[in-house]
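Reviewing the structure listed below.
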Amino acid sequence: MCGIAGIFHLDPGGQADRRLLMRMTALLEHRGPDAEGFHVKGRIGLGHRRLSIIDLVTGQQPMSSEDGTVYVVFNGEIYNFREIRRELETLGHPFRTKSDTEVIIESYRQWGGECVKRFNGMFAFAIWDERLKRLLLVRDRLGIKPLYTTVAGNTLLFASEIKSILAHPDFRREIDLESISSYLGYRCVLGDRTMFRNIEKLSAGHMLVFENGYMSKVRYWDLPLRGQRKDRGEEYYARKIRSLMNKSVKRRMISDVPIGAYLSGGLDSSIVVALMARQSRRPVKTYTIGFAEDDFNELRYAKAVAGMYGTDHTEIMMDEAEYIDLIPRLIRYKDAPLAVANEIPLYLMSRELKKDITVVLSGEGADELFGGYGRIFRSPFDYERSRFLENDKSILPEYRNLLLSKIRDIYGVEIFVNELDHFMRKYHWLSAMDKEAILSREVLDRIDGDSRIFRYFSEQFKAAGGLSHYEKLLYIFQKTHLENLLMRVDMTTMAASVEARVPFCDHELVEYVFSIPFHHKVRWKSDLHRVMAAYMSSDEISENFDTTKYILRKAFMEDLPAKVVNRKKMGFPVPLARWMGGKYMQFTREVLLDGRTSSRGIFNIGILEKKLARGNEIDQASAMKLWMMMNLELWFREYMDNPEGGMVRATEDLRMAGTG
């Protein structure tokens, strides 16, 4: 696990600036505190910061082929590198190291850009082919590892984090207002854009190729949209899932440094810990974090799993003051406003576990794969009944009026234009009505009714056109929502120089589970429950009349305490609303009602004043919306008000935290 940075002159006669490359790379010290390396020759410059995980002695980068014609900088892990290496050795390829990095080089020499299809892992890497004068940038299938790009003048810049790109003296910082709207609506910037105009992230499952003066973007992987196979029954699927998860966890336990796991007490992390414990000869180190507020704690569930498997368990507690202090620091690591309130406790937990381990396994990906967000994944049931009532006027008025009233309360309408209209009314954090109230008129005019967001989701629905309505939502969450969570994990762990691995994001598991019929993922508790649900909205039905992640629960029901297998999703909440009567409210008011905030012309300050006047009467959802706006303003102050913002202080924070 590392950080990479690079410079590539689009002019063949250009010369890469070594001093700039060194600065870009130094800004990634927290991602790789163990070593640094550079390759600069002519128009290409490659920089690398290393966090030593595998082949601690000979895995330094940039690494070249034996003849010096192919160079690579690589962030991530190739879990099946030993199998690929054995195949390459039979084809006559010599190896000088025991690292997965050299396997990338020799795979490229054997199969060219197609080599990426053979890799099982998480990765972002750059390959420079000296003979062909070809630059290849690649990002893993699901977007576990980040890679950002821009063109400044006549130079392509790329890096693991945006701060490295900001180091270029000719790059002009400009905000992207449509990305601000995307962040407020979805807690992430959708698609390949970022908060900065002209900086893009390479899309998951894609590669960029620069050769002969041309650039091409190639998608090398997507979810298999071949529709559902013949239903083989839940027993078959449960056995297959167990087998694939065992294989995935085993791959992710390969390490030459100490390894452990996050254990929230939820189903997903508990499954990972159970499988790790079965494959480990010594107690697994597990970590969980909690708050003083009991109803925001999962500590007792984590403790039950830790006790069942005899793990070496550590509990960490976090309070309001510590939470507030860490917000600006995390924004500097992320180069963006924080997306989810639990990013801060995740960072604190990562910083704590770094004292004992360097690699941690986490449970992200299961909800998107198995249907864990019940209210979203049950919502097509509302759409179906709305259409039915629209087309059949003979239905009893009492039933019609009751159900349509409930649908209207959730979506704002009783009848939907199409599936896309239904989805966009259901899936958002700040709704279109929220934005109309909170954003200034100037901003609303410039984002053009969120037309870019509409086009993005329209393209997603079109891509998933052959799937059922339920499967389309799974597809979109795999392509959109999951990447945001994975970027959260990457940032919070790498900020503490820790490598996170996510077994549920093994692409072989993902491809298989995506083809399992939907009713094995979100299942009615009984036929009676389905009949009773006819009068209820999807919000009322979810996890009361149906079971989310049914097939995953079944696959591991014998491996975990019943109270863990059967519990409802909690989602790692942070008690923001509880804190609205204390220091957190004071901090939020100081930020959002400050003159600098008003002068930007982003928010309708009058509305913010009214919301903040409610104090501790604010509910959790409203508190989260205020939290996002506060994060956005803090990002402005760091990255737009300060010309050096984000470029030096992250490494200073690393030393202050004692992890560098």
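The values are calculated or read from the model by the stated rules, or taken from the named source; none is laboratory data. Everything quoted here is computed from the prediction, not taken from an experiment. A quick note on method: Cβ atoms are made from the backbone with ideal geometry, for glycine too, and the neighbour counts reach across all protein chains shown. The area values use the complete protein model at the heavy-atom level, side chains included, leaving out ligands, DNA and RNA. Shrake-Rupley method; radii C 1.70, N 1.55, O 1.52, S 1.80 Å.
With all protein chains present and a 1.4 Å probe, how do TRP221, TRP429 order by accessible area, largest first?
My answer, sorted largest first, is TRP429, TRP221.
Highest mean first, what order results for 246-259, 149-162 on Cβ atoms within 10 Å?
Result, highest mean Cβ count within 10 Å first: 149-162, 246-259.
For region 202-330, with all protein chains present and a 1.4 Å probe, just round the carbon and sulfur fraction of the accessible area to a whole percent.
Within region 202-330, the accessible surface is 48 percent carbon and sulfur.
Across 5 Å bins from 0, what is the distribution of all Cα-Cα pair distances for region 472-547, in whole percents?
Binned Cα distances yield the sequence 3, 12, 16, 16, 15, 14, 11, 7, 3, 2, 0.
With a 1.4 Å probe and every protein chain kept in, tell me what percent of the accessible surface of region 499-614 is carbon plus sulfur.
51 percent
Mean shadow of region 346-406, computed from the convex hull of its alpha carbons, in nm²?
Spelled out: convex hull of the Cα atoms, projected over all directions, averaged, 6.7 nm².
Accessible area of region 1-107 with a 1.4 Å probe: how many percent of it is carbon plus sulfur?
Carbon and sulfur atoms account for 48 percent of the accessible area of region 1-107.
Taking N as the number of residues in region 182-264, what is its alpha-carbon radius of gyration divided by 2.2 N^0.38 Å?
In units of the 2.2 N^0.38 Å rule of thumb, it is 1.68.
On a 0 to 90 degree scale, rounded to 10, what angle separates helix 397-411 from the longest Cα axis of the chain?
The answer is roughly 30 degrees.
In Å and on Cα atoms, what radius of gyration and Dmax does region 388-465 show?
Using the Cα atoms of region 388-465, the pair Rg, Dmax is 15.8, 47 Å.
Mind checking which lysines have their C-alpha under 25 Å from LYS393, skipping anything on the same chain fewer than 8 residues away?
LYS406
Let me know the whole percent of all Cα-Cα pairs from region 575-654 that are separated by more than 17 Å.
48 percent
Using the C-alpha atoms of region 294-349, what convex hull volume per residue, in cubic angstrom, is computed?
98 Å³
Positive end of the charge dipole of the chain (Lys, Arg +1 and Asp, Glu -1 on Cβ, about the Cα centre): tell me which of SER107, TYR399, ILE4 has its Cα farthest that way.
Checking the options against the dipole of the chain, the answer is SER107.
Which angle between 0 and 90 degrees, to the nearest 10, do you get for helix 320-334 versus the longest principal axis of the chain when only C-alpha atoms count?
Orientation of helix 320-334: about 50 degrees from the principal axis.
Using helices alone, what [θ] at 222 nm do you get for the chain, with -39,500 (n - 2.57) per DSSP H run of 4 or more residues, divided over all residues and rounded to the nearest 500?
Value at 222 nm, helices only: -12500 deg cm²/dmol.
Using only alpha carbon pairs under 8 Å that are at least six residues apart, calculate the relative contact order of region 228-356 and give it in whole percent.
Value for region 228-356: 20 percent.
Give me the angle, in degrees from 0 to 90, between the Cα long axis of helix 177-186 and the longest principal axis of the Cα atoms of the chain, rounded to the nearest 10.
Long axis of 177-186 versus the principal axis of the chain: about 60 degrees.
If you put +1 on each Lys and Arg Cβ and -1 on each Asp and Glu Cβ, how big is the dipole of region 1-148 around its Cα centre, in Debye rounded to 20?
Dipole magnitude for region 1-148 comes out near 300 debye.
Once all Cα-Cα distances of region 91-186 are split into 5 Å bins that start at 0, what whole-number percent is in each one?
The percentages, shortest bin first, are 2, 10, 16, 18, 18, 14, 9, 7, 3, 2, 1.
Can you grab the distance from the C-alpha centre of region 438-509 to the C-alpha centre of region 395-431, Å, no decimals?
Rounded to whole Å, the Cα centres lie 23 Å apart.
Of GLY45, TRP579, LEU592, which is farthest towards the positive pole of the chain's charge dipole, taken about the Cα centre with +1 and -1 on the beta-carbons of Lys, Arg and Asp, Glu respectively?
Selected residue: GLY45.
Taking a probe of 1.4 Å, how large is the accessible area per residue of region 402-497, in Å²?
On a per-residue basis, 40 Å².
Can you compute log10 of I(q)/I(0) for the chain with the Debye formula, treating each Cα as one identical point scatterer, at q = 0.08, 0.09, 0.12 Å⁻¹?
At q = 0.08, 0.09, 0.12 Å⁻¹ the computed log10 ratios are -0.60, -0.77, -1.43.
Report the one residue of THR194, LEU560, ILE144 whose Cα lies farthest in the direction of the positive end of the charge dipole of the chain (charges on C-beta: Lys and Arg +1, Asp and Glu -1; origin at the Cα centre).
Farthest along the dipole direction, towards plus: LEU560.
Translational diffusion coefficient, Stokes-Einstein: compute it for region 198-356 using the Kirkwood radius over C-alpha pairs as Rh, at 37 °C and 0.692 mPa s, and state it as an integer in µm² s⁻¹.
The estimated diffusion coefficient comes to 169 µm²/s.
Once you keep just the Cα pairs under 8 angstrom separated by 6 or more residues, what percentage relative contact order results for region 483-593?
For region 483-593, the relative contact order is 17 percent.
Per 5 Å bin, what percent of the C-alpha pairs of region 415-508 does each bin hold, from zero upward?
In whole percents, the pair-distance histogram is 2, 10, 16, 18, 15, 15, 12, 8, 3, 0, 0.
Using unit Cβ charges (K, R positive; D, E negative) and no other charged atoms, how large, in debye to the nearest 20, is the dipole of the chain about its Cα centre?
The dipole of the chain has a size of about 1060 debye.
At q = 0.12, 0.21, 0.24, 0.26 Å⁻¹, what is the log10 ratio I(q)/I(0) for region 231-312, with the Debye formula run over Cα points and no solvent?
For region 231-312 at q = 0.12, 0.21, 0.24, 0.26 Å⁻¹, log10 I(q)/I(0) is -0.41, -0.96, -1.11, -1.21.
I'd like the distance separating the alpha-carbon centroids of region 276-327 and region 82-137, in whole Å.
So the separation of the two Cα centres works out to 39 Å.
Within straight cross-link reach of LYS525, meaning Cα distance under 16 Å, which lysines are found once same-chain residues fewer than 8 apart are removed?
LYS549, LYS554, LYS568
Quick one: of the DSSP bridges fully inside the chain, what percent are antiparallel, nearest 5?
The answer is about 75 percent antiparallel.
Over the chain, what is the mean sequence separation of C-alpha contacts under 8 Å (at least six apart), divided by residue count, expressed as relative contact order in percent?
After rounding, I find 16 percent.
So how much slack lies between LEU612 and LYS217, counting 0.36 nm per residue of separation and subtracting their Cα-Cα distance, in nm?
Stretched fully, the LEU612-LYS217 segment lengthens by 137.6 nm.
Using a ≥ b ≥ c from the Cα gyration tensor of region 31-83 (square roots of the eigenvalues), is it rounded, prolate or oblate, where a/c under 1.5 gives rounded and otherwise the larger of a/b and b/c decides, a/b for prolate?
Oblate shape, in that a/c is at least 1.5 and b/c is the bigger or equal ratio.
Below 15 angstrom from the Cβ of LYS133, what's the summed charge of the other residues (Lys, Arg +1; Asp, Glu -1)?
Charge balance in the 15 Å sphere: 0.
Over region 179-279, give the accessible area per residue in Å² for a 1.4 Å probe, as an integer.
It amounts to 42 Å² per residue over region 179-279.
With the cut-off at 20 Å, report for region 1-133 the share of all Cα pairs above it, as a whole percent.
Roughly 43 percent, rounded to a whole number.
Any idea what Rg and Dmax come out to for region 270-422 if you just take the C-alpha atoms, in Å?
For region 270-422, the Cα radius of gyration and maximum Cα-Cα distance read 22.6, 68 Å.
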